[in-house]
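None of the figures in this text is laboratory data; all of them are computed from the coordinates on show. Every value quoted in this text rests on a predicted model; they were computed, and no experiment measured them. Every residue, glycine as well, gets a Cβ built from its backbone with ideal geometry; the counts of neighbours run over all protein chains shown.
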Amino acid sequence: MLSKPDLSDALIASRLRDGFGITPSRIDFLPLGNDTAAFVYRVQAGDGRAYFLKARKSRLDLASALVPHFLYNHSVPQAVAPIPTRTGGFFETATGQTVDFTLTVYPYIDARDAMTVGMTDAQWRAYGSIVRAIHDTALPQTVRTQVPVETFELDRFWPGTMSELNARIDAGEFRGTPLAVCADLWQERHPEYDAILRRTQALGRLLQASQAPYVLCHADIHTANILIDAQGALHVVDWDQPVFAPKERDLMFVYGTGAGAGLTVTPHQHTLFMHGYGAADADIDWLALAYYRYLWVVQDVGDYAFRALLMDDATIGAEARAAAVRELPKLFAPGHIVDAAYRADEAWQSTQTQS
């Protein structure tokens, strides 16, 4: 998030000492990330070591720690894994003024994200190899049982939230406010969003019946979550939602030239990635790809509308709310995620016509 949470540095320092055996000499908040429930810091320890601290409002699933920890130690050394606590766990809790936070500590990597700095041809191939290594990993049963399995069912949060949003707009709550333009956009686009929601559900039902093979997926492995250090090595971060799902759950981020939000992949980069991944385009399940592209729309459009119109500044912070107001219209722009979903759906329907 862009604004600090109601969590004091003194309390953070205390939990680091007691829980992780880390004595901080400095704690710096970093205004990074797009998750409204997560806040990150750079921690400088008295012994000269640096750490990356994530404070999350909600409790994290154990899989978010166990999966990268196993991968780092066995098959994917590029996975950035959390540092264990003094008791062998991965999380500590801290109580802020209004909510509890889950604290996770990672090694601090002096690096920049690939979306910002770009990647060389060799790094695009390495990116593909990393994703393939994740997909090929066989987790031990103790870890495997902690990882969710794809069901292709939409979270009930979205339809309920949209009903509330529509009711408040219809009541004229946002008229004459700085949010009126955003509310008008939502009112104009909601029928399209509702159609996308129904289409996502329909494709999900087809996938439930298809028995597509599942692999271990990161679920958010785009270039913003790939860090590149000074030596050019890649590091994979943000393991908040690993899942067993069709491989297209991850491959969606490298298909098509209009993924949007800075995630555009050129045909050349796509070819390099697939060379590293070791698969041909013919191996892609376009039904699954279309579903996940639509799911991305459902989540991002719904999330930005929720942030802009239903969350208050005290909860989200004025900067993050303003960012949501700016970003929501962009999602419907040509070449962005809505457009990308339509094109993936058209590609799948084309394969059905050919067969």
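Only aspartates and glutamates eight or more places from Lys4 in sequence, or on another chain, were considered; those with a Cα closer than 16 Å are Asp28, Asp35, Asp100, Asp312, Asp313, Glu319.
One quarter of the surface of the convex hull around the alpha-carbon atoms of the range 9-108 equals 6.5 nm², the direction-averaged projected area.
Can you put Asp35, Asp170 in order of Cβ neighbours within 10 angstrom, beginning with the fewest? Before the final figure, lay out the partial values.
Working: Asp35 17, Asp170 9.
Ordered from fewest to most neighbouring Cβ atoms within 10 Å, Asp35, Asp170 come out as Asp170, Asp35.
Mean projected area of the Cα convex hull of the range 38-185, taken over all directions, amounts to 14.6 nm².
Averaging sequence separations of C-alpha pairs under 8 Å and six or more residues apart, then dividing by the length of the range 20-113, give the relative contact order as a whole percent. Walk me through the intermediate numbers first.
Numbers: 156 pairs, mean separation 23.9, N = 94.
Value for the range 20-113: 25 percent.
Using C-alpha pairs under 8 Å with a sequence gap of at least 6, the mean separation divided by the residue count of the range 41-180 gives a relative contact order of 22 percent.
Summing charges over all other residues whose Cβ lies under 15 Å from the Cβ of Thr87, with Lys and Arg as +1 and Asp and Glu as -1, gives +1. P(r) tail, the range 132-219: Cα-Cα pairs separated by more than 23 Å, 49% of all pairs.
When every Cα-Cα distance of the range 91-139 is counted in 10 angstrom steps from zero, the calculated P(r) takes the values 18, 25, 30, 20, 6 percent.
Computed from point charges on the beta carbon alone (+1 for Lys and Arg, -1 for Asp and Glu), the dipole magnitude for the range 121-354 about its Cα centre is near 240 Debye. The separation of the range 270-300 from the range 42-58, counted between C-alpha centres, amounts to 35 Å. Listed by chain and number, the lysines whose C-alpha is less than 30 Å from the C-alpha of Lys247, apart from same-chain residues fewer than 8 away, are Lys54, Lys57, Lys330.
Quote the Stokes-Einstein diffusion coefficient, in whole µm² s⁻¹, for the range 168-285, based on the Kirkwood radius over alpha carbon pairs, a temperature of 10 °C and a viscosity of 1.306 mPa s. Could the numbers behind the result be given before it?
Values: Rh = 17.7 Å.
My calculation gives 90 µm²/s for D.
Think of the chain as a dipole: +1 on every Lys or Arg Cβ, -1 on every Asp or Glu Cβ, centred on the Cα centre; then among Thr104, Ala81, Gly19, Gly19 lies furthest on the positive end. A convex hull fitted around the alpha carbon atoms of the chain yields 143 Å³ per residue.
So how strong a dipole does the range 136-259 carry about its Cα centre when Lys and Arg Cβ are +1 and Asp and Glu Cβ are -1, to the nearest 20 debye?
Details: 10 positive and 17 negative charges, 65 e Å.
Using Cβ point charges on Lys, Arg, Asp and Glu, the range 136-259 gives about 300 debye.
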